[in-house]
Amino acid sequence: MNKKVSDSTTEWTRCLQYADINGANRLFGGRLMAWMDEVAAITAQRHCGRLVTTACVDNLQFKSGASLADIIVLIAKVTYVGKTSMEIRVDVYVEDVSNGERRQINHAYFTEVCVDQEGKPQPIEFGLELESENERAEWESALRRRELRKQRRVEGF
């Protein structure tokens, strides 16, 4: 049985407050990374219906900053499903409240592993139904990232 990408896609909105700001008066990168990890886990749990744990983060790219009171939008979607793991793409935007336009400030790919209560990997019951060329391209790119991760492990990274 398969689920569609849209079945588990998660959109999360935050308004930046003082606690989210670093010494340079911009969004603290560590806070953003924590939010991205959380929304990736939510998306993965929605897909597999079980607990997950983060195994890897790839291609974390800070493109530009955000400031106090900016509206931040995180969108996460499943891009690949394997036997016990899934890849989740998280895109982060600053939204202009006056016109609704979004400017991308970050993105990354999270590998989430489906686990039981003891943290042991468990098979994922649902495959992924790809409905568009973009979803197929993401799947193919995920396969390449997966191979690169395997190669880095062999090389000791």
| field | Lys120/Leu143 FRET efficiency (R0 35 Å; Cβ-Cβ; nearest 0.05) | value | 0.90
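With only alpha-carbon pairs counted, each pair once and no self-pairs, how large is the Kirkwood hydrodynamic radius of region 1-77 in angstroms?
For region 1-77, inverting the mean 1/r across all distinct Cα pairs yields 13.8 Å.
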| query | Can you pull the three principal axis extents for the Cα set of the chain, in Å, largest first? | reply | 43, 37, 30
| field | Surface share of carbon and sulfur [accessible, 1.4 angstrom probe, percent] for region 56-144 | value | 47 percent
| request: Mind ranking 32-38, 90-96, 72-78 by how tightly packed they are, going by the mean number of other C-beta atoms within 10 angstrom, highest first? | output: 72-78, 90-96, 32-38
| field | Nearby lysines by direct alpha-carbon distance to Lys3 (threshold 22 angstrom, same-chain neighbours under 8 apart not counted) | value | Lys77, Lys83
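Quote to one decimal, in nm, the extra length available between Ile71 and Thr54 on full extension: 0.36 nm per residue of separation minus the C-alpha distance between them.
3.5 nm
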| request: Give the accessible area for Trp12 in Å² (nearest 10); use a 1.4 Å probe, count only protein heavy atoms, and leave out ligands, DNA and RNA. | output: 60 Å²
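The values are calculated or read from the model by the stated rules, or taken from the named source; none is laboratory data. Computed from a predicted model, the values in this text were never measured in an experiment. Methodologically, a virtual Cβ is constructed for each residue, glycine included, from the backbone with ideal geometry; neighbour enumeration extends over all protein chains shown. Note: areas computed on protein heavy atoms with side chains; ligands, DNA, RNA excluded. Shrake-Rupley method; radii C 1.70, N 1.55, O 1.52, S 1.80 Å.
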